[in-house]
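Okay, so here's the structure we're looking at.
The values are calculated or read from the model by the stated rules, or taken from the named source; none is laboratory data. What you see is a predicted model, and the numbers here were worked out from it, not measured in a lab. Here the Cβ is made from the backbone with ideal geometry for all residues, glycine too, and neighbour counts use every protein chain on show.
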Amino acid sequence: MKSSIVAILGLLIPFLLTPEVKAANPDHVEQLLSTRECQGCDLSGADLRAAHLIGVDLRDANLKGANLTEANLEGADLTGANLDGANLTASMLTNASLNDSILDNVNLTKAMVYDVDVSGASMIALIIDEAEIFHSGISVGGESPE
């Protein structure tokens, strides 16, 4: 009996001690895909791989840790959005607005970033390996000259 209780506790303890992982609100994902508007939505951790998000309104949305690999974000408005840790590998960001957004730890590997407004955005530890970046305020280097 005692060994059965110990065995059961051994199986349950990892589940009891695992921190709660907050995932995207499924209603918000559906709203985004059906209406192309999701201002202030919780899309944290959402799987939006290869999504056609042309011209979407994602102002002030939470996309922390979202997977946007190969997504098309042409003309998207992500003003004030939180994209901390999001994966935008091989995504297309053209004529998009990312001003005042959080782009810390975003993976832009092989992304196409053309004419993107990043004024006021936080861009700590961006990953830009093999990215094509033109006419956007993203560059490699230190502090700007005074």
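If you go through segment 31-75, how many residues are in contact with a helix residue (DSSP H, G or I) (Cβ under 7 Å, 6 or more places away or on another chain) and touching a residue at least 24 places away in the same chain (Cβ under 8 Å)?
Residues flagged as in contact with a helix residue (DSSP H, G or I) (Cβ under 7 Å, 6 or more places away or on another chain) and touching a residue at least 24 places away in the same chain (Cβ under 8 Å) within segment 31-75 amount to 1.
Confirm whether Thr79 is assigned to a loop (DSSP other than H, G, I, E, B), at pLDDT 95 or above and closer than 17 Å to Ala24 by Cα.
No: the conditions fail for Thr79.
Could you check segment 72-98 and list, in sequence order, the residues that are of a type in the set (A, V, I, L, M) and surrounded by fewer than 24 Cβ atoms within 10 Å (Cβ to Cβ)?
Scanning segment 72-98 gives Ala90, Met92.
Tell me, yes or no, whether segment 121-140 has at least one residue that is touching a residue at least 12 places away in the same chain (Cβ under 8 Å), buried (at least 20 other Cβ atoms within 10 Å of the Cβ), touching a Ser or Thr at 6+ places or on another chain (Cβ under 7 Å) and under 21 Å from Gln39 (Cα atoms).
Yes; the residues of segment 121-140 include at least one that is touching a residue at least 12 places away in the same chain (Cβ under 8 Å), buried (at least 20 other Cβ atoms within 10 Å of the Cβ), touching a Ser or Thr at 6+ places or on another chain (Cβ under 7 Å) and under 21 Å from Gln39 (Cα atoms).
Mind listing whichever residues of segment 85-100 are touching a strand residue (DSSP E or B) at 6+ places or on another chain (Cβ under 7 Å) and more than 15 Å from His52 (Cα to Cα)?
Within segment 85-100, Asn87, Ser97, Leu98, Asn99 meet the criteria.
Being of a type in the set (A, V, I, L, M, F, W, C) and over 17 Å from Asn62 (Cα atoms) is the filter; apply it to segment 99-117 and report the residue that is surrounded by the most Cβ atoms within 10 Å (Cβ to Cβ).
Within segment 99-117, the match that is surrounded by the most Cβ atoms within 10 Å (Cβ to Cβ) is Ala111.
Scan segment 82-105 for residues that are more than 16 Å from Ser136 (Cβ to Cβ) and either β-branched (Val, Ile, Thr) or assigned to a loop (DSSP other than H, G, I, E, B) (or both) and report the count.
The number of residues fulfilling the criteria is 8.
Quickly run through segment 32-69 and pick out the residues that are outside any loop (DSSP other than H, G, I, E, B), surrounded by fewer than 20 Cβ atoms within 10 Å (Cβ to Cβ) and among the hydrophobic types (A, V, I, L, M, F, W, C).
Hit for segment 32-69 is Leu33, nothing else.
Suppose the filter is touching a residue at least 12 places away in the same chain (Cβ under 8 Å), more than 25 Å from Pro26 (Cβ to Cβ), touching an Asp or Glu at 6+ places or on another chain (Cβ under 8 Å) and in a loop (DSSP other than H, G, I, E, B); does Thr109 pass it?
It is true that Thr109 is touching a residue at least 12 places away in the same chain (Cβ under 8 Å), more than 25 Å from Pro26 (Cβ to Cβ), touching an Asp or Glu at 6+ places or on another chain (Cβ under 8 Å) and in a loop (DSSP other than H, G, I, E, B).
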